[in-house]
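Read through the structure below, which is laid out as structure tokens, and then see the notes.
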Amino acid sequence: MKIITDIITEGKGKRVYATENPDEAIVYYKDEAIAFHGLKRGRIIGKGEINNRICEYMFTLLSQQGVPNHFIGRVDERSSLVRRVTIIPVVVKVRNIVAGSLARRTGYPEGTRLNNTVIEYCLKDTELDDPLVNLTHITAMGLATAEEIRAMESMAVRVNDILTEVLREISIELIDFKLEFGRFHGEILVSDEISPDTCRFWDASTHEPLDIDRFRRDLGDVAGAYREVLHRLTGYAYQTNEEEP
Ligand code: TMP
């Protein structure tokens, strides 16, 4: 039993609590969904429990493949124990296929396969909508060192390779995703979450999104898509007694 103390931080999809161990924290996954700067809010029934299990699967896979990350273990249906890192204020986005802000920014059609993997760096600042920055901004502003950037980039590429392969086997295309990294006793760990809240997953045959875009774009059956991803990844059939809206 871990003794939970204060809330360290609360984001769109989760709350992070301190524990009595200064090196550990508890991540609690919420059903709440927020998009467009908080202008759109809703609840995806079961999302918290499903994302908790998807993250357990993803981070365990990364550990097995030798990618250092913050995950220690799942505590209960909605929470997991993680290493208490200091988050580097740079969001790393990895893209295989054009979608989202890349399509909007460049006019390239959504769904276009990129000739090579695109890595983007953004300043982690929700108020400013995580603006794109380049490597010189990051070092100039002291957000991360050149060595840390190299470590983040090579881990991001590894994560992309590992996830693309695993998802391909279950007929899911990994369109893009974002990662956050944390500092922990001189090491850099993949942190935050890897779930349908932070990745674009498309069904390989229908090209239908199986992620938070279903909520953003009112495509319907959002909870069903989250359940489907969990089920294909782990075989676990999530069930709830709650009525879906
Ligand atoms: P974008 O195309 O909107 O820039 O998103 C790229 C990836 O980053 C996509 O997989 C979703 C993820 N992402 C988040 O996890 N949180 C966010 O707030 C945003 C805007 C994107």
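The values are calculated or read from the model by the stated rules, or taken from the named source; none is laboratory data. Predicted, not measured: the structure shown is a model, and the values here were computed from it. Cβ: placed from backbone, ideal geometry, glycine included. Neighbour counts: every protein chain shown.
Count of segment 188-204 residues, restricted to those that are under 10 Å from Asn69 (Cβ atoms) and either near the ligand (Cβ under 9 Å from one of its atoms) or charged (D, E, K, R) (or both), is 1. Is it the case that segment 1-20 has a residue that's acidic (Asp, Glu), within 27 Å of Val166 (Cα to Cα) and more than 13 Å from the chain's Cα centre (by Cα)? No, segment 1-20 contains no residue that is acidic (Asp, Glu), within 27 Å of Val166 (Cα to Cα) and more than 13 Å from the chain's Cα centre (by Cα). In segment 84-100, the residues that are under 30 Å from Arg168 (Cα atoms) and hydrophobic (A, V, I, L, M, F, W, C) reach residues that are part of a loop (DSSP other than H, G, I, E, B) and near the ligand (Cβ under 8 Å from one of its atoms) with C-beta atoms within less than 9 angstrom, at least six apart or across chains, in these pairs: Val91/Asp130. Pull out all pairs, ordered by first then second residue, where Cβ-Cβ is under 7 Å, the residues are six or more apart or on different chains, the first lies in segment 109-126 and is within 12 Å of Asn96 (Cα to Cα) and at pLDDT 95 or above, and the second is away from the ligand (no atom under 13 Å from the Cβ) and in a loop (DSSP other than H, G, I, E, B). Taking only residues 6 or more apart or on different chains, the pairs are Gly111/His207. Reported count of residues in segment 156-187, each being over 24 Å from Ile88 (Cα atoms), hydrophobic (A, V, I, L, M, F, W, C) and away from the ligand (no atom under 16 Å from the Cβ), is 2.
When each of Val190, Val222, Val159 is tested for being farther than 17 Å from Leu62 by Cβ, crowded, with 20+ Cβ neighbours inside 10 Å and of a type in the set (A, V, I, L, M), the lone residue that passes is Val222. In segment 92-150, how many are assigned to a strand (DSSP E or B) and more than 9 Å from the ligand (Cβ to nearest atom)? Final tally of qualifying residues: 13.
Applying the criterion of being surrounded by 15 or more Cβ atoms within 10 Å (Cβ to Cβ) and of a type in the set (Lys, Arg) to the residues of segment 3-51, the residue that is nearest to Arg84 (Cα to Cα) is Arg15.
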